[in-house]
1. In region 273-321, which residue that is among the acidic types (D, E) and touching a Lys or Arg at 6+ places or on another chain (Cβ under 9 Å) is surrounded by the fewest Cβ atoms within 10 Å (Cβ to Cβ)?
2. Considering each residue of region 205-227, count those that are modelled with pLDDT under 85 and surrounded by fewer than 18 Cβ atoms within 10 Å (Cβ to Cβ), and give that number.
3. Can you tell me which residues in region 453-466 are outside any loop (DSSP other than H, G, I, E, B) and buried (at least 21 other Cβ atoms within 10 Å of the Cβ)?
4. Output the residues belonging to region 485-523 that are at negative phi, in a helix (DSSP H, G or I) and surrounded by fewer than 16 Cβ atoms within 10 Å (Cβ to Cβ).
5. Return the pair list, or none, for Cβ contacts closer than 7 Å from residues in region 330-354 that are in contact (Cβ under 8 Å) with a residue 24 or more places away in the chain and of a type in the set (D, E, K, R) to residues that are surrounded by 17 or more Cβ atoms within 10 Å (Cβ to Cβ) and in a loop (DSSP other than H, G, I, E, B), at least 6 apart or on different chains.
6. Taking the conditions exactly as written (under 29 Å from R404 (Cβ atoms) and not hydrophobic (A, V, I, L, M, F, W, C)), does P281 satisfy them or not?
7. If we keep just the residues of region 77-103 that are more than 16 Å from R168 (Cα to Cα) and without any contact (Cβ under 8 Å) to a residue 12 or more places away in the chain, which is surrounded by the most Cβ atoms within 10 Å (Cβ to Cβ)?
Amino acid sequence: MKKSILYSLIAGATIIVGLVVVYLFGAFFSDSSTIENIFSKNNRGQKESGFGGLGRQATKLNESDKINSGENSKIFVTALDGSETAKNYSGKTIGCNDKLYSVNLNKPLSPRDTLVALFEYPGDENKGIYNVFENNPVIIDSFDIKDGVAIVHLSGNGLGGGTCDMPRISQQLDNTLLQFDNIKKTEIYFDNQPLEKYLSEKDNEALRLEIPEGDKIYFGAFPDFGGPEDNVTAKKIEDFDKLIGKRIFWAYFSNNWGKNRDGVKFPRKKVEAIASTGTIPFVRMMPRQILDTAYDKTFSLQKIIEGNFDEQLHQYARDVKDYGRTVLMDFGLEMNGNWFPWSGAVNGGGVRTKYGSPDKADGPERFVDSYRHIVDIFREEGVKNVTWFWHPDVYSEPDAKWNRQKEYYPGDDYVDWIGISAYGPQNPDEDYWDSFPTIMKETQNRILEITNNKPIALLEFGVTDHHPQGRKAAWLAGAFKYILDKNSPLQFKAISPWHENWEEDDDLWATLRLDSSASALATFKKNIANERFVGGENTKENKNIKEN
């Protein structure tokens with residue numbers, strides 16, 4: 001009889017305790033739609049079963065389960081640069097000019113559960129609120145706090161989609177954890193590597209330009225950086241974007257090595273001016289001192305090969321590495337012409353007896369060795385944030401077999417992208433008018449014979465306005481028809497118009513600016529608005545930067 005009473009009392013007490021637990025647990029969730037939204041997925045942020053570790057059996061409350069008494073917890077996500085949220089928010093500026101953005105969870109949570117909330121928060125695309133972890137499932141393998149240090153081990157399928165994601169990852173994690181009174185420092189690991197090391201290696205991998213997905217085509221430009229092609233300002237890019245009605249993916253400029261220009265050094269200020277607009281910098285290495293002659297021997301190919309500029313080039317490479325963000329580069333463009341100091345025609349031409357192999361023409365062979373020499377220096381310095389372009393003209397001058405484009409190709413191991421120049425007449429006095437499709441028909445096979453393994457970019461194209469034999473608007477319309485035709489022999493994965501006017505001899509003007517006439521501008525704007533062209537709106541996320 002006494003045992004029965006005792007059992008009844010125990011059972012009754014158990015029921016009461018159970019009801020209290022159910023009440024408290026229900027009250028915890030009852031008034032926070034934010035929390036319900038955050039945890040509507042499958043609790044991917046934790047390894048143990050149960051919400052935020054609340055389902056774990058434990059006899060002792062550890063540091064990672066303690067809450068800040070009386071304070072609602074927050075998570076930190078990202079307000080993307082250019083969004084209305086970022087413009088109207090005074091939060092801390094992080095990489096890529098984004099801002100750290102706090103979200104109030106409306107409940108006091110433990111550090112562990114707040115971290116789970118961060119991993120589950122969906123962001124708001126319409127408001128420009130982005131959570132770097134939303135599409136990167138992360139598991140908490142362990143979480144402990146010792147002497148004020150939060151020691152967190154994470155794992156998953158990978159973190160980050162591009163260079164802008166790297167600061168977002170570290171800043172979102174650190175600021176979410178450091179709000180707690182018992183955390184003074186963080187020590188975070190991903191896949192058993194310190195997070196900083198993991199992100200550094202990931203960042204290097206993520207900084208090469210990948211081929212755009214599907215039928216997409218990058219839209220870059222030379223946005224009128226002046227006669228020497230290096231008067232770079234952010235305003236010129238912004239003016240061009242406004243003129244065209246679409247942001248450019250990259251901005252193309254010349255790095256002139258000669259006196260009173262850049263020197264044999266990385267033009268960091270110009271690169272940073274471009275990057276400040278959310279545009280990728282594209283640097284054309286131009287080994288010349290005098291801009292308007294092919295007979296400037298200051299930086300001859302032979303001198304480059306012999307290492308005369310190695311000290312400067314090694315420093316150049318180190319500076320690019322230190323810059324740490326994506327840079328597109330080419331060296332010695334249009335080398336198969338006869339108008340630049342690095343042209344094969346003025347560096348040995350078709351002679352086969354004064355340099356290298358007797359089976360190869362000296363001019364092209366010198367160029368190949370120079371190009372490889374520069375790339376090798378960058379590799380020796382461990383530079384991983386450069387995408388290398390190789391860039392001939394569609395027409396060779398002279399039009400000889402030794403001077404064909406393929407003779408200058410450094411090889412697939414040295415080149416990431418192939419780029420070409422394809423111009424119509426550049427002033428009204430040139431006595432011909434070839435449409436863009438006609439130019440392609442005459443030259444495309446010589447480009448196709450180079451290699452089948454690299455994406456092709458139309459790095460320079462344009463035509464003068466006010467020509468007696470044709471209309472610029474019609475020429476541009478023909479160019480876009482070829483570019484967008486999925487059956488065209490050359491399938492361009494990027495295009496980059498040359499936007500500049502300049503005075504030539506006899507008071508003739510080359511009017512290649514896209515606004516040289518209302519009809520030319522209207523034609524270009526109509527075509528570039530096609531959704532296949534990827535503009536600068538994608539560079540903020542670096543969605544098309546390569547990850548291996």
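The values are calculated or read from the model by the stated rules, or taken from the named source; none is laboratory data. What you see is a predicted model; the values in this text were computed from it and never measured. Note that each Cβ is placed from the backbone with ideal geometry, even for glycine, and that neighbours are counted across all protein chains shown.
1. Looking at residues that are among the acidic types (D, E) and touching a Lys or Arg at 6+ places or on another chain (Cβ under 9 Å), I get D319.
2. 1
3. Scanning region 453-466 gives A457, L458, L459, E460, F461, G462.
4. Within region 485-523, D505, A518, S519, A522 meet the criteria.
5. Close Cβ pairs satisfying both conditions: D330/H391; E334/F340; E334/H391; E334/P392.
6. So P281 fails the test.
7. The residue in question is K87.
Yes/no per residue for (1) among the hydroxyl-bearing types (S, T, Y); (2) within 16 Å of L177 (Cβ to Cβ); (3) modelled with pLDDT of 95 or more:
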{"position": "D81", "(1), (2), (3)": "no, no, no"}
{"position": "T85", "(1), (2), (3)": "yes, no, no"}
{"position": "N88", "(1), (2), (3)": "no, no, no"}
{"position": "C96", "(1), (2), (3)": "no, no, no"}
{"position": "L105", "(1), (2), (3)": "no, yes, no"}
